[in-house]
Amino acid sequence: MHLEDMKYLISIIDNKSINKAAKELQLTQPALSTAIGKLEQELGVSLLKRSYKGVVPTKAGERVYEEAKRILDMIAEWYKLGQHTKIPEGDVHILAVPTACDFLSKTLISRIRSDFPALHISLHECYQNVIMQQLMGSKINIGITSVSTFDLKNVLLHVERQGWYADVLHEEERELFLSTKNSFTEKESLEVADLQKLTYACYSRSNDKITNQYKGYFNPDYCYYLNNQNNILQLVAEDKAVTIYPPKILGDHILLKSGLVVSKPIRGVATHATYLLLHPSDDILSFVEREVIKLIQTEFLKINA
């Protein structure tokens, strides 16, 4: 038995689905099913069964699941034994899409300033359609991208071909942000026909893939291209335009907290966003880069806490 086998079993039981676990582990479903089958054959007992609740553990599976979690937790603690002598310090560069840069500048940067004053983070803004190319052409080993559903498979395949890894940081549906002065705020959700009556505001790179994904739904006569999130939302608050963002990533922006801007779901438009953490293998990453990756993952986990 390998440690990976324990992780596979835990993921399946936590997700109640082999398919969901395979996506989480970035494996194919047949490969994961084969691995679990070999584990059951090695132990001589069935570990999983299907029910109306999904894939659930057998009695033996429950025992292996609980003990495997304890073993993995114990091993994780072993690796922490010497970490008190290592404090992250130095310069780390992160290449990220604009929404991730905005999110991390409000969360990760402030935490690092207080907890790790000797660690300096540089955020470099990059757009989804060129982020992997930029990573490959630089010495930067950490990237964060936002991918729509129809692009996810191709992006994961491209990352794999480059010998890198793509960890899912966060998933949510993008929503339409508009001024509370706008009459459409009375609706619970907006339709495609509603969008055609509105003017879109987005980041200034007109060739950005996500921008191009949405701007065709809006007023074709004009589109505002602005250089940052604050300027876009200010235009929205003034009821001169609308925009599309993942609301949890946007967080408690002052214009949202003040009630000047609200968000509404959109029907008939593909809005799912998956945020991926891109990085090479651990043996290429430095100690400080590995620690920064852990900090990034922690900040994104807080979104749904």
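The values are calculated or read from the model by the stated rules, or taken from the named source; none is laboratory data. Bear in mind that the values here come from a model prediction, so they are computed numbers and not experimental data. Here the Cβ positions follow ideal geometry from the backbone for every residue, glycine too, while neighbour counts run over all protein chains shown. All accessible areas refer to the heavy atoms of the entire protein, side chains included, with ligands and DNA or RNA removed. Shrake-Rupley method; radii C 1.70, N 1.55, O 1.52, S 1.80 Å.
Quick look at the numbers
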| read-out | value |
| --- | --- |
| Karplus-derived HN-Hα couplings along region 156-172 (A = 6.51, B = -1.76, C = 1.60, θ = phi - 60°), whole Hz, x at Gly and Pro | 4, 5, 5, 4, 4, 5, 7, x, 9, 10, 10, 9, 6, 8, 6, 9, 6 |
| Alpha carbon convex hull of region 18-142, projected area averaged over orientations, nm² | 12.0 nm² |
| Distant-in-sequence amide H partners of HIS170 (H built 1.01 Å from N, under 5 Å) | TYR275 |
| Rg and Dmax of the chain, Cα atoms only, in Å | 22.1, 67 |
| Positive-end residue of SER33, SER110, VAL97, charge dipole of the chain with Cβ unit charges | SER33 |
| Sulfur and carbon atoms: percent of accessible area, the chain [1.4 Å] | 51 percent |
| Pairwise centroid distance, computed over Cα atoms, of region 185-242 with region 1-72, Å | 44 Å |
| Whole-Hz couplings from phi, Karplus 6.51/-1.76/1.60, listed for region 19-25; x for Gly and Pro | 4, 5, 5, 4, 5, 4, 8 |
| Rounded to the nearest 20 debye, dipole of the chain from Cβ charges on Lys, Arg, Asp, Glu | 440 debye |
| Additional length obtainable on full extension of the chain from THR34 to LYS53, 0.36 nm per residue less Cα span | 4.6 nm |
| Region 214-287, relative contact order in percent, only Cα pairs under 8 angstrom and at least six apart counted | 20 percent |
| Low-density loop positions, GluC sites (Glu not before Pro), region 89-178 - DSSP coil, at most 12 other Cβ in 10 Å | none |
| Dipole of region 135-239, positive end: most advanced residue of SER138, ASN219, VAL155 [Cβ charges, Cα centre] | SER138 |
| Cα gyration tensor shape of region 261-305, rounded if a/c is under 1.5, else prolate or oblate by comparing a/b with b/c | prolate |
| Residues whose placed amide H lies under 5 Å from that of THR58, excluding near-sequence neighbours | LEU48, LYS49 |
| Leading residue at positive end of dipole, the chain (Cβ point charges), from HIS253, ILE18, ILE121 | ILE18 |
| Long-range amide H partners of TYR165 with built H, under 5 Å | HIS279 |
| Dipole moment magnitude, nearest 20 debye, region 1-106 about Cα centre, only Lys, Arg, Asp, Glu C-beta charged | 480 debye |
| Relative contact order, percent, region 175-305 [alpha-carbon distance under 8 Å, six or more residues apart] | 35 percent |
| Beta bridge orientation in the chain: antiparallel %, DSSP, nearest 5 | 60 percent |
| Karplus 3J(HN,Hα) series, Hz, for region 233-240 with 6.51 cos²θ - 1.76 cosθ + 1.60 (x for Gly, Pro) | 5, 5, 5, 5, 4, 7, 6, 9 |
| Sequence-separation-based contact order of the chain, relative, with Cα cut under 8 Å and 6+ spacing, percent | 20 percent |
| Nearest 10 degrees, 0 to 90: helix 3-15 Cα axis against the chain principal axis | 50 degrees |
| Accessible area of LYS257 in the full protein assembly, 1.4 Å probe (Å², nearest 10) | 140 Å² |
